[in-house]
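Have a look at this one.
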Amino acid sequence: MTKQIAFIGLGNMGGPMAVNLAKAGYTVRGFDLAPAALKYATDNGVTVAASAAAAAQDADVVITMLPAGRHVLAVYQGEGGLLAAARPNALFLDCSTISVEDARTAHELIEEAGHHGLDAPVSGGVVGAEAGTLTFMVGGNEGDFANAEPVLKAMGKRTVHCGGPGAGQAAKACNNMILGVSMIAVSEAFVLGERLGLSNQALFDVAANATGQCWALTTNCPVPGPVPASPANRDYQPGFASALMAKDLGLAAHAMESTGVDARFGAMAEEIYRRFAEGEGGQQDFSAIINEIRANSKTKEMA
Ligand code: NAD
């Protein structure tokens, strides 16, 4: 039975996730490079270790919630790495969003070191991390998934076992590719409707109850008004920042390339969000892409 958990990466997501584990009664020893992240964790019931390796000693479960694949692979390996520091048969859960390729490399390294591993990226954002309502998409073997479930349930409300190593990351990349493409499609439709003299509310009332219905429209509506809780009503404060959407679409694009899939809309969405996130749009909710579409449309009209 899991008693002690090491938690590496106590940022916007990892901080509240580690706190929820402590609240659920686990002994959590955390580590992060950022002093502010360490302070939030200690203020909320997480013990802080002097290094990642020190956090992993004696842990039954080692969780990582880091920015990218290179951070995960670096913190796993070498002298002072988590794989060497953990006791044999520890369960490694990587909850970061990384490429399928890096996730499979991580699985191999974990197994070679005599441990068990799952890729377990999340959806639900910072709000879900704080409320303990994340969804975990999990890749790895059945037995390890069963062992991880009580721990994951302390941080989220849904766990989906998607298949073998890398399947969790694959599910996340595919889902977010749908989301990026559909947000662009919904935003283009609103801008076109505006140009045609249609009110945003009228288009919403039709599409939300017709075949255009989707999450980007009915929950995260890119125009203010129809869905009061959507980021458009608070000047596009995220929500889900465009920079993160650009990152996730980059991972999907990497997967398209390695598999040779002809996903033209996915590739275009990746390009559109990458450009948008390079500017001020990066810190805005991804629904702010509608403003970019409107601005580009104006330029074309004047040309
Ligand atoms: P963040 O930047 O807030 O947190 C990452 C933390 O990792 C930082 O505190 C950083 O100091 C720490 N870190 C980096 N290298 C480290 C190392 N070697 N040792 C210890 N700590 C180290 O990022 P976040 O928003 O918490 O995202 C974490 C992961 O979750 C990312 O992979 C992201 O794509 C994914 N994710 C984020 C969201 C979101 O809404 N923020 C939603 C879903 C998934």
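The values are calculated or read from the model by the stated rules, or taken from the named source; none is laboratory data. This one's a predicted model, so the numbers in the text were calculated from it and none came from an experiment. Note: ideal-geometry Cβ built from the backbone for every residue, glycine included; neighbour counts use all protein chains shown. In case anyone asks, the SASA skips ligands and DNA or RNA and just uses the protein heavy atoms, side chains included. Shrake-Rupley method; radii C 1.70, N 1.55, O 1.52, S 1.80 Å.
Quick one: Ser230 ticks every box in (1) over 17 Å from the mean Cα position of the chain (by Cα); (2) open to solvent by 70 Å² or more (accessible area, probe 1.4 Å) except a single one, so which number is it?
Checking Ser230 against (1) over 17 Å from the mean Cα position of the chain (by Cα); (2) open to solvent by 70 Å² or more (accessible area, probe 1.4 Å), the one that fails is (2).
Under the condition of being over 22 Å from the mean Cα position of the chain (by Cα) and away from the ligand (no atom under 16 Å from the Cβ), which residue from the range 86-109 is surrounded by the most Cβ atoms within 10 Å (Cβ to Cβ)?
Taking the candidates together, the pick is Ala90.
Which number in (1) of a type in the set (Gly, Ala, Ser); (2) more than 11 Å from the ligand (Cβ to nearest atom); (3) modelled with pLDDT of 95 or more marks the one condition that Ala129 misses?
Tallying (1) of a type in the set (Gly, Ala, Ser); (2) more than 11 Å from the ligand (Cβ to nearest atom); (3) modelled with pLDDT of 95 or more, Ala129 fails exactly one: (2).
Report, by residue number, each residue of the range 29-51 that is under 22 Å from the mean Cα position of the chain (by Cα) and of a type in the set (A, V, I, L, M).
Scanning the range 29-51 gives Leu33, Ala34, Ala36, Ala37, Leu38, Ala41.
So which residues in the range 247-298 are within 16 Å of Phe190 (Cβ to Cβ), within 16 Å of the ligand (Cβ to nearest atom) and part of a helix (DSSP H, G or I), if there are any at all?
Those that are within 16 Å of Phe190 (Cβ to Cβ), within 16 Å of the ligand (Cβ to nearest atom) and part of a helix (DSSP H, G or I): Phe286, Ser287, Ala288.
Take the range 1-14 and flag every residue that is surrounded by fewer than 24 Cβ atoms within 10 Å (Cβ to Cβ), within 16 Å of the ligand (Cβ to nearest atom) and either of a type in the set (A, V, I, L, M) or in a strand (DSSP E or B) (or both).
Selection gives Met13 alone.
Please verify whether Met17 is among the hydrophobic types (A, V, I, L, M, F, W, C), within 9 Å of the ligand (Cβ to nearest atom) and open to solvent by 20 Å² or more (accessible area, probe 1.4 Å), treating the condition exactly as stated.
no
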